[in-house]
1. Output the residues belonging to region 43-65 that are among the hydrophobic types (A, V, I, L, M, F, W, C) and outside any helix (DSSP H, G or I).
2. Suppose we keep only residues that are over 20 Å from E83 (Cβ atoms) and without any contact (Cβ under 8 Å) to a residue 24 or more places away in the chain within region 131-170. Which one would you say is nearest to the chain's Cα centre (by Cα)?
3. Give me the residue from region 91-100 that is open to solvent by 70 Å² or more (accessible area, probe 1.4 Å) and under 13 Å from E135 (Cβ atoms) and, out of that set, farthest from the chain's Cα centre (by Cα).
4. Being part of a helix (DSSP H, G or I) and open to solvent by 30 Å² or more (accessible area, probe 1.4 Å) is the requirement here; does G69 meet it?
5. Within region 137-156, work out how many residues are crowded, with 18+ Cβ neighbours inside 10 Å and either of a type in the set (A, V, I, L, M) or closer than 16 Å to T77 by Cβ (or both).
6. Since A161 meets every condition but one in (1) farther than 14 Å from L92 by Cα; (2) open to solvent by 70 Å² or more (accessible area, probe 1.4 Å), which condition does it not meet?
7. The conditions are (1) aromatic (F, W, Y); (2) under 30 Å from V156 (Cβ atoms); (3) open to solvent by 60 Å² or more (accessible area, probe 1.4 Å), and Y64 fails exactly one of them. Which is it?
8. Test E139 against the stated conditions and say whether it is part of a loop (DSSP other than H, G, I, E, B) and over 14 Å from F103 (Cα atoms).
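The values are calculated or read from the model by the stated rules, or taken from the named source; none is laboratory data. None of the values given here were measured: they were computed from a predicted structure. For neighbour counting, all protein chains shown are included, and Cβ atoms are generated from backbone atoms with ideal geometry for every residue, glycine included. These area figures cover heavy atoms from the full protein model, side chains too; ligands, DNA and RNA do not enter into them. Shrake-Rupley method; radii C 1.70, N 1.55, O 1.52, S 1.80 Å.
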Amino acid sequence: MQNGPLLETCATKSVCNGCVTYYRERLWPAAWLYIASALIIPASILVFMPINITVGYITAAVLYASIIGFLLWSAPTITIDAEELRAGNARLPIEIIGEVETFHDAEATLERGQRLDARAWLMIRGWISPVVRLEVLDESDPTPYWLLSSRTPELVVEAIAEVKLRTPNK
């Protein structure tokens, strides 16, 4: 399922290397970040103009390309398969996920701010408003919940529910 050019979400099951993926979303930066990053171009040109305008243009191009490259490289992925939920490099086994809730708009802002538990594990992005809260049932883990940004939080909830339904021990 494709929801715009900057959203890569797979809400249907896909099989890769023998593992069924129930959900996959890459948290690409919003378009305004690319535009705001372009402000480095005139800044670089203005800094280098007294020295050499060509150096200014080259520096501007290199800096802008570097910023865009970093934004694309650092965009994390949320993946749910039959065994675990992966958010970036972190992994959470499906069997220790308790209640899963979604929050939008003002409620999402409260979850990221006033209601936030300092012990929670976070993967939030400022350019993505909705969040998903995943309760952690592991008694030995001091983390009470994970809070993840997602453009399609309802699909995260559905995918976790489907995995738990298909694998009763989870």
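1. M49, I51
2. Per the criteria, the residue is P142.
3. Of everything passing the filter in region 91-100, E95 is farthest from the chain's Cα centre (by Cα).
4. yes
5. Result for region 137-156: 10.
6. A161 satisfies all of (1) farther than 14 Å from L92 by Cα; (2) open to solvent by 70 Å² or more (accessible area, probe 1.4 Å) except (2).
7. Condition not satisfied by Y64: (2).
8. yes
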